[in-house]
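Report on the structure given below.
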Amino acid sequence: MSLTKKFATVVAAASLGIGGATLTASTAEAATASFQLCNYGSDYVVSAEFPDLGGFSTYAVSPGRCTTTSVYTGARFDLRVRHTNSPLTFWTHLDRTYSSGRTLVQTWASFKSFTYGKLPY
């Protein structure tokens, strides 16, 4: 085998190795997991919006209810909180779902003292 053919074989093998590593990383990033949103508040409905998924959002969740959907692990989301007796609405800052598995988001308190927490489950 000539030196040129040996070099081409080594370059091709290295390219396949790099491509395989890239494919593996892409596959891991595309994994889906469960996202659950529970509203334990008193006077608002809440939904989660995923801007990286074309603006996909969950159903609006009333007080005392939950909703579950599948999203990509590590997906960015923010919460839209709408007062039940008025047109007042606000958005939370962007957050991310857990990249290691399922994400549970729980909301508490009232519209004026809204708070939420994120847990793996």
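At a glance:
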{"item": "Residue selected from the stretch 60-118 under the condition among the charged types (D, E, K, R) and touching a residue at least 24 places away in the same chain (Cβ under 8 Å), by the criterion farthest from N39 (Cα to Cα)", "result": "R76"}
{"item": "Residue list for the stretch 71-100, restricted to those being among the hydroxyl-bearing types (S, T, Y), at pLDDT 95 or above and in a strand (DSSP E or B)", "result": "T89"}
{"item": "Residue in the stretch 36-70 that is farthest from T89 (Cα to Cα), counting only those that are at pLDDT 95 or above and among the aliphatic types (A, V, I, L, M)", "result": "L37"}
{"item": "Top-ranked residue in the stretch 94-121 [being farther than 17 Å from G41 by Cβ and of a type in the set (S, T, N, Q); ranked as surrounded by the fewest Cβ atoms within 10 Å (Cβ to Cβ)]", "result": "S100"}
{"item": "Test: residue in the stretch 101-111 that is modelled with pLDDT under 95 and assigned by TED's automatic domain parsing to the domain that holds P51", "result": "yes"}
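Quick grid of which residues meet (1) under 22 Å from Y121 (Cα atoms); (2) crowded, with 16+ Cβ neighbours inside 10 Å:
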| residue | (1), (2) |
| --- | --- |
| E49 | yes, yes |
| V61 | yes, yes |
| R65 | yes, no |
| G74 | yes, yes |
| L79 | yes, yes |
| P87 | no, no |
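The values are calculated or read from the model by the stated rules, or taken from the named source; none is laboratory data. Predicted model only: the values in this text are computed from it and were never measured. Backbone-built Cβ (ideal geometry, glycine too); neighbour counts: all protein chains shown.
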